[in-house]
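Input: a single structure, listed below in C-alpha cells.
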Amino acid sequence: MPELPEVEVTRRSFADRITGATVVSARLGKPLRWPLGVDPQHVAGRRVTGVGRRGKYLLLHLDEGLLLMHLGMSGSLRFAHDPGSAGRHDHFDLVTTAGVLRLHDPRRFGAVVWAPHELDERVVRLLGGLGAEPLEDGFDAGRFHAALRERRAPIKQVLLAGDVVVGVGNIYASEALFHAGIRPTVRAARLSRPRADRLHAAIREVLQRAVEQGGSTLRDFANAMGDAGHFQLQAAVYGRAGQPCPVCGTPVRQIRQGQRSTFYCPNCQRG
Ligand SMILES: [Zn+2]
C-alpha cells in the first residue's frame with residue numbers, strides 16, 4: 001500500500017511539470033472508490049496552479065476547484081507526454097497541455113474526487129479528521145506529547161490511527177518505535193515527555209529518510225515519472241522476525257496488534 005513517503009515522492013515527481021498546464025480533457029475508466037462528483041468536461045480549460053499533499057491525499061489545485069487524488073491500496077500515478085492508450089487498470093487520465101497524468105489502480109481502492117474549493121464538505125469529510133503533518137513545522141513535540149497523554153490505547157495503535165499524526169503507517173510505526181526505544185504495546189498516555197520527544201524525532205527521521213530514498217514499500221512502486229521503485233526501506237525490525245536486532249543482536253519479535261503485524265526488539269524496546 002502506498003504510504004506517505006510514496007505519495008510525497010509521487011507529488012514531487014510531477015508537481016513542477018504539471019503546474020501552469022491547462023487541462024485539455026479528463027477520462028474516467030472503471031469506477032474507483034468514490035465518484036468524481038462532477039462531469040469530467042467541467043475541468044477542461046482549467047489551469048493547474050499547484051500540487052499539494054495532505055496525509056496520503058494529493059491535492060491538484062486548479063484555477064477553479066481542485067481534484068483530490070488517493071492511491072488506495074495499489075494505485076500509482078504517472079505523468080508522461082505520451083503514455084499511450086489506457087490499459088485495463090488505467091482508470092483516470094487528466095490530459096493537460098504539459099502531459100497526461102494517469103492513475104493506474106488494479107484494485108480500484110484509489111479515488112479522484114473533484115471539489116469546488118477546500119472548504120467544500122467533500123474535502124472536509126476526507127481531510128478534516130487528519131492529524132499533524134509529520135514533515136512540516138506544525139508537527140510540534142510538545143503538542144504531540146499532549147495529544148498522546150489523552151490516549152489510553154497502545155502507542156502503535158495511536159500512531160496508526162492518524163488523528164494525532166498522519167502518515168505513520170504500519171512499517172514506519174514499527175521502525176520509529178524501534179529507533180525511539182519504545183515498546184509498541186505501551187499505552188500512549190504513559191509516555192514521558194523525553195520519550196515522546198524521542199518518538200517525535202524518530203517519526204520525522206524515518207519518514208524523511210524514506211522520502212529521500214524514493215520511498216517505496218511496494219516492490220512494483222513506480223513514481224509518476226515512471227521510474228522503477230528502486231528502494232526497499234532499509235528496515236531495522238519490520239519484516240525481520242527472528243533475525244538479529246541490528247543494535248544488540250537479540251532476535252526480533254513479531255506480534256499482532258489490531259490485525260496488523262508489529263515487529264520490535266524485546267531488549268532495545270523494554271518499556
Ligand atoms: Zn535490540
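In what order, largest first, do H179, H61 sit by accessible area if the probe radius is 1.4 Å? Don't jump to the answer; show the numbers that get you there.
On the way: H179 90, H61 50 Å².
From most accessible down to least: H179, H61.
Per DSSP H run of at least 4 residues, take -39500 (n - 2.57); add these up for the chain, divide by its residues and hand me the 222 nm value, nearest 500 deg cm²/dmol. Spell out each step's value before the answer.
Details: 6 runs with 68 residues, N = 271.
Value at 222 nm, helices only, nearest 500: -7500 deg cm²/dmol.
Taking only protein heavy atoms and a 1.4 Å probe, what accessible area per residue, in Å², does the chain have with all protein chains in place? Kindly include the intermediate steps, with their values, before the conclusion.
Numbers: 12420 Å² over 271 residues.
Dividing the accessible area of the chain by its residue count gives 46 Å².
Report T22's accessible area, 1.4 Å probe, all protein chains in place, as a number in Å² to the nearest 10.
It works out to around 50 Å².
Students sometimes get this wrong: rank I182, I171 by accessible area, probe 1.4 Å, all chains present, largest first.
Values: I182 0, I171 25 Å².
Correct descending sequence by accessible area is I171, I182.
Need the C-alpha centroid separation for the stretch 107-131 versus the stretch 52-103, integer Å.
Using only Cα atoms, the two centres lie 15 Å from each other.
When the accessible area of the chain is computed with all protein chains present and a 1.4 Å probe, what percentage of it is carbon and sulfur?
Working: 5960 of 12420 Å².
Whole-percent figure for carbon plus sulfur exposure: 48.
With no solvent and one point per C-alpha, what does the Debye sum give as log10 I(q)/I(0) for the chain at q = 0.13 Å⁻¹?
Here the Debye-derived log intensity ratios amount to -0.86.
The values are calculated or read from the model by the stated rules, or taken from the named source; none is laboratory data. Treat the numbers as computed from the prediction; the structure is a model and nothing was measured. The accessibility values were calculated without ligands, DNA or RNA, using every heavy atom of the protein model including side chains. Shrake-Rupley method; radii C 1.70, N 1.55, O 1.52, S 1.80 Å.
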